Amino acid sequence: MSHMAIGTGTTAPTSANTALEFQIDRNALTSRTQGAGGDDNDVIYVGDWAAADGTGAITEAGIFNSSASGSMLARATFAAINKGASDTLKITWTVTIGAS
(Lines give C-alpha, C1' and ligand atoms only; values in the text may rest on other atoms or scores of the structure.)
Protein backbone atom coordinates (compact mmCIF):
# COMPACT_ATOMS: atom_id res chain seq x y z
CA MET A 1 0.00 0.00 0.00
CA SER A 2 1.33 3.40 -0.96
CA HIS A 3 -1.47 6.00 -0.87
CA MET A 4 -4.37 7.22 1.26
CA ALA A 5 -7.41 9.03 -0.11
CA ILE A 6 -10.16 11.15 1.41
CA GLY A 7 -13.65 11.82 0.14
CA THR A 8 -17.20 12.90 0.83
CA GLY A 9 -19.09 9.62 0.50
CA THR A 10 -21.46 8.46 3.24
CA THR A 11 -22.59 5.00 2.12
CA ALA A 12 -21.40 2.35 4.57
CA PRO A 13 -18.34 0.39 3.38
CA THR A 14 -18.82 -3.14 2.01
CA SER A 15 -16.45 -5.87 0.84
CA ALA A 16 -17.50 -5.04 -2.74
CA ASN A 17 -15.99 -1.52 -2.57
CA THR A 18 -13.03 -0.93 -4.89
CA ALA A 19 -12.86 2.87 -4.56
CA LEU A 20 -14.10 5.70 -2.40
CA GLU A 21 -17.63 6.81 -3.11
CA PHE A 22 -16.63 10.45 -3.84
CA GLN A 23 -12.85 10.88 -3.68
CA ILE A 24 -11.61 14.47 -3.40
CA ASP A 25 -7.87 13.87 -2.93
CA ARG A 26 -5.25 11.09 -2.77
CA ASN A 27 -1.72 11.45 -1.38
CA ALA A 28 1.30 9.22 -0.98
CA LEU A 29 1.53 7.77 2.52
CA THR A 30 3.67 9.74 4.95
CA SER A 31 4.71 6.45 6.57
CA ARG A 32 3.84 2.79 6.98
CA THR A 33 5.35 0.73 9.76
CA GLN A 34 4.94 -2.68 11.34
CA GLY A 35 4.03 -2.85 15.02
CA ALA A 36 6.46 -4.37 17.50
CA GLY A 37 6.28 -6.99 20.24
CA GLY A 38 2.69 -8.05 20.93
CA ASP A 39 1.53 -5.73 18.14
CA ASP A 40 3.78 -7.22 15.44
CA ASN A 41 0.70 -8.16 13.42
CA ASP A 42 -0.26 -4.47 13.03
CA VAL A 43 0.58 -2.25 10.08
CA ILE A 44 0.28 1.48 10.82
CA TYR A 45 -0.43 3.74 7.84
CA VAL A 46 -0.14 7.53 8.15
CA GLY A 47 -1.45 10.04 5.61
CA ASP A 48 -1.06 13.83 5.80
CA TRP A 49 -2.87 16.64 4.03
CA ALA A 50 -1.35 20.12 4.00
CA ALA A 51 -3.23 23.40 4.14
CA ALA A 52 -5.30 23.93 0.95
CA ASP A 53 -5.00 20.20 0.08
CA GLY A 54 -8.22 18.14 0.11
CA THR A 55 -10.54 20.72 1.62
CA GLY A 56 -14.22 20.15 2.34
CA ALA A 57 -16.49 18.09 4.58
CA ILE A 58 -14.49 14.84 4.67
CA THR A 59 -16.57 11.75 5.53
CA GLU A 60 -14.59 8.82 4.12
CA ALA A 61 -11.02 7.58 3.72
CA GLY A 62 -9.29 4.63 2.06
CA ILE A 63 -5.89 2.99 1.66
CA PHE A 64 -4.65 2.15 -1.87
CA ASN A 65 -1.67 0.65 -3.70
CA SER A 66 -1.53 3.30 -6.44
CA SER A 67 -1.70 7.04 -7.00
CA ALA A 68 -4.70 6.47 -9.30
CA SER A 69 -7.22 3.60 -9.18
CA GLY A 70 -5.34 0.44 -8.09
CA SER A 71 -6.48 -1.90 -5.33
CA MET A 72 -8.10 -0.68 -2.12
CA LEU A 73 -7.08 -2.30 1.17
CA ALA A 74 -9.64 -0.59 3.40
CA ARG A 75 -12.37 2.06 3.43
CA ALA A 76 -14.08 3.79 6.34
CA THR A 77 -16.83 6.39 6.73
CA PHE A 78 -17.20 8.76 9.69
CA ALA A 79 -18.83 11.99 10.87
CA ALA A 80 -17.80 14.99 8.80
CA ILE A 81 -14.42 16.57 9.44
CA ASN A 82 -14.62 20.07 8.00
CA LYS A 83 -11.16 20.80 6.58
CA GLY A 84 -10.77 24.45 5.68
CA ALA A 85 -8.15 25.92 3.35
CA SER A 86 -5.78 26.73 6.25
CA ASP A 87 -6.26 23.40 8.09
CA THR A 88 -3.97 20.37 8.02
CA LEU A 89 -5.11 16.76 8.49
CA LYS A 90 -3.30 13.62 9.67
CA ILE A 91 -4.92 10.18 9.50
CA THR A 92 -3.28 7.31 11.40
CA TRP A 93 -4.82 3.97 10.46
CA THR A 94 -3.87 0.67 12.12
CA VAL A 95 -4.66 -2.55 10.26
CA THR A 96 -4.38 -5.75 12.32
CA ILE A 97 -3.71 -8.96 10.38
CA GLY A 98 -4.34 -12.24 12.20
CA ALA A 99 -3.01 -12.94 15.68
CA SER A 100 0.33 -11.82 17.03
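The values are calculated or read from the model by the stated rules, or taken from the named source; none is laboratory data. Model, not experiment: these values are computed from the prediction. In this analysis, Cβ positions are derived from the backbone assuming ideal geometry, glycine residues included, and neighbour counts consider all displayed protein chains. With ligands, DNA and RNA removed, areas are computed over all heavy atoms of the protein, side chains included. Shrake-Rupley method; radii C 1.70, N 1.55, O 1.52, S 1.80 Å.
So with the 1.4 Å probe, I'd like the accessible area per residue for the chain, rounded to whole Å². Working shown, then result.
Numbers: 5300 Å² over 100 residues.
Ligands and nucleic acids excluded, the result is 53 Å² per residue.
Restricting attention to the alpha-carbon atoms of the range 12-100, what are Rg (one decimal) and Dmax (integer), both in Å?
13.9, 41
First compute the accessible area of the chain with a 1.4 Å probe, then give the percent of it belonging to carbon and sulfur atoms. Could the numbers behind the result be given before it?
On the way: 2760 of 5300 Å².
Using a 1.4 Å probe with all protein chains present, the chain comes out at 52 percent carbon and sulfur.
Which whole-number percent gives the relative contact order of the chain, counting Cα pairs below 8 Å spaced six or more residues apart?
Details: 237 pairs, mean separation 34.1, N = 100.
Normalised by residue count, the contact order of the chain is 34 percent.
With each pseudo-label sitting 7 Å past Cα toward Cβ, what's the SER2-ASP48 distance in nm, one decimal?
In this crude spin-label approximation the distance works out to 2.0 nm.
How much length would be gained if the chain were fully extended between ALA80 and VAL95, taking 0.36 nm per residue of separation minus their Cα-Cα distance, in nm to one decimal? Don't jump to the answer; show the numbers that get you there.
Details: separation 15, 0.36 × 15 = 5.40 nm, distance 2.20 nm.
Roughly 3.2 nm would be gained on extension.
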